[in-house]
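Data first, discussion second: the structure below is written as structure tokens.
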Amino acid sequence: MLNLYVNPKIKKGHIEPEIQGHFSEHLGRCIYEGLYVGENSEIPNVNGMRIDVVSALKNLKIPVLRWPGGCFADEYHWMDGIGPRENRKKMINTHWGGVVEDNSFGTHEFMELCEQLGCKSYINGNLGSGTVQEMSEWVEYLTFEGVSPMSDLRAKNGRKEPWTVDYFGVGNENWGCGGNMTPEHYGNEFRRYQTYVRNYKKDAPLKKIACGANVDDYEWTKGVLHTTHRNAPGFLHGFMDGLSLHYYTLPEGWEPKVSATEFDDKMWYKTMKKTHYMETLIKQHGAIMDQYDPEKKIGMIIDEWGTWFACEEGTNPGFLYQQNTMRDALVAGINLNIFNKNCDRVKMANLAQMVNVLQAVILTEGKDMVLTPTYHVFDLYKNHQDADLVESSIEVTQIGLDEENKVPNLTESTSVTKDGTIHITITNCSLDESYTIDGIFAETTIHKISGRILQNEARAYNSFDCPEKIKIEEFTTYQKTEKGLQFTIPACSVLHLELETK
Ligand code: AHR
């Protein structure tokens, strides 16, 4: 028997909804086919957006969507994607398969997608190959209400009212695909570019995100923060609201990439081990951020995370299309629990990517759509959005098949929503063991319990032939006890428990 301890009266932080954010790049079939099919498509759509996909995403309460990249962002020139579609410039998508990008999905289409999803917008600007003027004018085009060249152009293109842009990324991966810069060089460029990213909407100020590190490049974090904070007025926090971090779960590193569906048990635990590394990265980069920002005003924005496996056979290698098994479900559940537990610093995280790319929540094939195990995990966790993280801990044992890849069998996080309901999410990454858990609740009277679980064989996935092999099921095998409740979590599962206390 393992103990779970919860004290819902002790608040540890607030879980920003954005922690369950998403990312959609002009990459492979994410935007085109996955989200956007155009008004003339036979696939049912509203203003070009797939009705099936948008409605499935709305069920997840998508809080924020990042666009247009990724590496694509630093070669994207936004003016090519506005105005009549037939006149829009075509370009080569050099990063992703060298295919033609016809720019039919641009600024207006992205903002329309956010409106349909009811989510916040996170636009990533081009610092690598774009000019300061270009970035500045994009923000003016998007958000300025009065008379100006850019707001006039927006009106000419059919949109009189400005939009609200919630987050603006000043470059992406500028240590790599975004210009191969040094941290000091990027820090200076960030200072310059962000100066002209004006805040036109005083009631809805846009938050500026600086490009943070790749994985464990702590020198980048130090170098950027040192440069951006040098002689910067204290209240401006280095001119940024957030600093990003990119970390993908790549069990064997970049090469060889491992199959998304065919893996042995050792590879399973290795993947879990790599996933847990996220916690170390948050703590280490967080410790550096603490030196410059002890009050934690700058959010850590993990705007690219997820599994990166070998592409499905027969697909364009530049399109990063991969299947999604229960292993992805566990990776998602563990990461989301880690983000919750670190919500004092982590203010946003964006799964890479939303549809048809990497650890997608949805896969499409023509008019068909499949919800992946990762989709269901986001469904299980959605009640954490905007809730308060509370004190909780779970007893764990280290499991795995070899010494260097031992991992905790369980992870959990617990939050309380405004109405006093307690939400607990627990992952069990053991391939063969279930665990009985004794839940001890301090200062709590539980009136009603309900549970939902995602559980299946490790290599199972949803295919177009069998789209509902893995789905959420009701979890009813718990007993109320004097101290709280007792239940058994099965092997290879992700569980959500909801406890009403009023
Ligand atoms: O998500 C795929 C790519 O991974 C992004 O374009 C880039 O930012 C990262 O390297």
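The values are calculated or read from the model by the stated rules, or taken from the named source; none is laboratory data. Given the structure is predicted, the values throughout are model-derived calculations rather than measurements. As a convention, Cβ positions derive from the backbone with ideal geometry for all residues, glycine included, and neighbour counts pool all protein chains shown. Calculation scope for accessible area: heavy atoms of the full protein, side chains included, ligands and nucleic acids excluded. Shrake-Rupley method; radii C 1.70, N 1.55, O 1.52, S 1.80 Å.
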Rounded to the nearest 10 degrees, the helix 326-341 long axis (Cα) sits at an angle to the longest Cα principal axis of the chain of 80
What's the magnitude of the charge dipole for the chain around its Cα centre, counting Lys and Arg as +1 and Asp and Glu as -1 at the beta-carbon? Answer in Debye, nearest 20.
1300
Lysines with Cα under 24 Å of LYS406, excluding same-chain neighbours fewer than 8 positions away
LYS257, LYS266, LYS270, LYS273, LYS274, LYS283, LYS341
Work out from phi, with θ = phi - 60° and the Karplus expression 6.51 cos²θ - 1.76 cosθ + 1.60, the ³J(HN,Hα) of each residue of segment 274-282, listed in order in whole Hz, and give x for Gly and Pro.
4, 5, 4, 4, 3, 5, 4, 4, 5
At a Cα cut-off below 25 Å, give the lysines reachable from LYS156, other chains included and same-chain residues fewer than 8 away excluded.
LYS89, LYS90, LYS120, LYS201, LYS202
For LEU371 the rounded accessible area (nearest 10 Å², probe 1.4 Å, non-protein molecules ignored) is 40
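Please give the length that would be gained between LYS367 and ASP386 if that part of the chain were fully extended, namely 0.36 nm times their separation in residues minus their C-alpha to C-alpha distance (nm, one decimal).
Here the answer is 3.4 nm.
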Quickly work out the GLU403-to-LYS58 label distance, labels modelled 7 Å from Cα along the C-beta direction, and quote it in nm with one decimal.
5.6
If you fit an axis through the alpha-carbon atoms of helix 183-195 and take the longest principal axis of the Cα set of the chain, what angle between them do you get, 0 to 90°, nearest 10?
60
How much length, in nm to one decimal, is gained on full extension between ASN87 and GLU395, taken as 0.36 nm per residue of separation minus their Cα-Cα distance?
104.8 nm
